[in-house]
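The values are calculated or read from the model by the stated rules, or taken from the named source; none is laboratory data. In this text, all values refer to a predicted model and were calculated from it rather than measured experimentally. Heads up, the Cβs are rebuilt from the backbone with ideal geometry, glycines too, and the neighbour counts pull from every protein chain shown. Only protein heavy atoms, including side chains, enter the accessible area calculation; ligands, DNA and RNA are left aside. Shrake-Rupley method; radii C 1.70, N 1.55, O 1.52, S 1.80 Å.
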Amino acid sequence: MEYEGVIGLEVHAELKTETKLFCGCSTKFGSPPNTQTCPVCLGLPGVLPVINEKALQFAVKVGLTVGSKISAFSKFDRKNYFYPDLPKNFQISQYDEPLCEGGALEFASDGELRKVGLIRVHLEEEAGKLIHFDDGESGVDFNRVGIPLLEIVSKPEIQTPDEAYDYLIGLKQLLQYLDVSDCNMEEGSLRCDANVSVRPKGSEKLWTQTEVKNMNSFSAVRRALAFEIERQIEVVESGGRVIRETRRWEPETQTTSPMRSKEEAHDYRYFPEPDLVPFVLEKDWIDKVRATIPELPIARKKRFMAEFGLSEYDAGVLTSQKDYADYFEECTRLYENYKADCNWVMGAVLRELNDRKITLDALPISPKMLTDMIRMIDEGKITSTIAKTVFAEMAQTGQSPEQVIKEKNLLPVTDTGEIEKMVEKVIAENPKPVEEFRGGKGKALGFLMGQVMRVAKGKADPQVVNRILIEKLKG
Ligand SMILES: [Zn+2]
């Protein structure tokens, strides 16, 4: 019998609000442990939580974008459990009345558009972070406690580990476009758990699922799912039964291992959060949130192809991140040579980001600086060789192209008298290639050209050099 995997993903994304979900503490990442806490997020007696409206806006913005039904009435619930990173011994979450229900995520997979249904999108608060020291002791950092967390739960409609990977890429892209989360997996602001089961190919029935945790990158998710599907098939084929349990991805052995039996909802003894009143979202408020939704990646890619004549590949790369797309689009607005704009952004700009491992906002070259430089190439003021030097210098110093050219004395040599002198020098110093050229070997010309350009430090117009060189050689 042939089997297929059935995958549902549960993604937690930290929302990038300035302050926490129920108090005014900062959400800044990387501060010294326990410096961003207060009686509310530490759960001290007598305190009352107050909802952060921005977090609510962000959650609804996501819900509207994926076509969820936004609940007119919603409330928070207490999810009770004990763990050292949870000072209140409960987490404020949403149980039976989530903010957003249904909808679907559309994403590119294997060259096609795929749609996977969503069960719910809800808001909850983050737990703290345990830190285990080398000497065997552990500490807890409560800075993270209470940061708003968006939980996005998909239906079990994902079919393969590759599709799960593409779903995550699509979701991350969407959250970044909406500017609601950094989605930084290294900093833990995006995490993913997976529900996995197998069933005979073509069957509609869901078999027992396991939940896989502890995957800290998208590729780890892909590998963990591939392993877990294979493992379950082996269990079933050898006459065994898959047990409902939570399993842990072990990066060292690239396997999953049992962690605990799967909790059921009743284990958490959910009940309505008594310190927060249920809330009703008014239509006007929702409409205001709707108005903040920008053009989304799939639509933007199509528009880039139609409006700027980009290839599907180029449009795909440029719209893969909102900041790339914004940067490129600003370039096209400043200078309408779309092809050149695209080539420079796709080439030099992205290479610079990659080489220096920086993000676009840390690059000191503004779209204005870049397009001023491209215009100078098109107007013949500088050669493309010089442009490379100008670009590198702008990337280091943040100076405008004009400043760089002036300070580095990069203006092209237009004085033909000066070029003639250089040509004569090269001819005098290279008797052998000169003789070869005169003897009919055209190849030697390329070498001599290169020598002149070297003497000119790339600043001479190649066409002028070529003309003078041939004149002198034939002379
Ligand atoms: Zn606080």
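Quick look at the numbers
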quantity: Loop-resident sites, segment 377-442, for GluC sites (Glu not before Pro), counting at most 11 other Cβ within 10 Å (DSSP); calculated: 379
quantity: Proximal charge balance of residue 142 [Cβ under 9 Å; K/R count +1, D/E count -1]; calculated: 0
quantity: Sorted largest first, extent of segment 359-411 alpha carbons per principal axis (Å); calculated: 31, 20, 15
quantity: Residue-span extension gain [residue 368 to residue 82] - 0.36 nm each, minus C-alpha spacing; calculated: 97.5 nm
quantity: Radius of gyration and Dmax over the Cα atoms of segment 1-99, both given in Å; calculated: 16.9, 61
quantity: Quarter of the Cα convex hull surface for the chain, i.e. its orientation-mean projected area (nm²); calculated: 32.9
quantity: Amide H contacts of residue 158 (H built 1.01 Å from N, under 5 Å, at least 5 apart or other chain); calculated: 7
quantity: Added length on full extension, which subtracts the Cα-Cα distance from 0.36 nm per residue, residue 18 to residue 392; calculated: 131.1 nm
quantity: Rg/Rg_ref, segment 40-93, where Rg_ref = 2.2 N^0.38 Å and atoms are Cα; calculated: 1.41
quantity: Net lengthening on full extension, residue 454/residue 355 (0.36 nm per residue, minus Cα-Cα); calculated: 33.0 nm
quantity: Inverse mean reciprocal Cα-Cα distance (Kirkwood Rh) of segment 174-217, Å; calculated: 13.0
quantity: Estimated [θ] at 222 nm from DSSP helical runs (n ≥ 4, -39500 (n - 2.57)) normalised by residues in the chain, nearest 500; calculated: -12000 deg cm²/dmol
quantity: For segment 207-305, the spread of Cα positions along each principal axis, largest first, Å; calculated: 58, 52, 27
quantity: Rounded accessible area per residue of segment 297-407, 1.4 Å, Å²; calculated: 50
quantity: Segment 416-474, Rg to Rh (Cα coordinates; Rh as Kirkwood inverse mean 1/r); calculated: 0.92
quantity: Nearest-10 value in Å² for the accessible area of residue 268, using the 1.4 Å probe; calculated: 40
quantity: Tail beyond 28 Å, pair distance distribution of segment 316-475 (Cα, percent); calculated: 37
quantity: Exposure ranking of 12, 132 by accessible area [1.4 Å probe, largest first]; calculated: 132, 12
quantity: Hypothetical label at residue 217: residues of segment 161-190 whose amide nitrogen lies under 11 Å (7 Å Cα-Cβ projection); calculated: 186
quantity: Sequence-separation-based contact order of the chain, relative, with Cα cut under 8 Å and 6+ spacing, percent; calculated: 13
quantity: Cα-Cα separations in segment 200-246 greater than 12 Å, expressed as whole percent; calculated: 68
quantity: Amide H within-cut-off set for residue 90, under 5 Å, with H built and near neighbours excluded; calculated: 81
quantity: Where trypsin sites (Lys or Arg not before Pro) fall in DSSP loop in segment 127-218, at most 12 other Cβ within 10 Å; calculated: 201, 205
quantity: Globularity index of segment 218-275, i.e. its alpha-carbon radius of gyration over 2.2 N^0.38 Å; calculated: 1.52
quantity: Spherically averaged projected area of segment 253-347 from its Cα convex hull (nm²); calculated: 13.4
quantity: Stokes-Einstein diffusion coefficient of segment 297-407, Kirkwood radius over Cα pairs, 20 °C, 1.002 mPa s, in µm²/s; calculated: 152
quantity: Accessible area per residue in Å² at 1.4 Å probe, computed on segment 3-288; calculated: 48
quantity: Of the trypsin sites (Lys or Arg not before Pro) in segment 393-458, those whose Cβ has at most 14 other Cβ within 10 Å and which sit in DSSP loop; calculated: 408, 441, 457
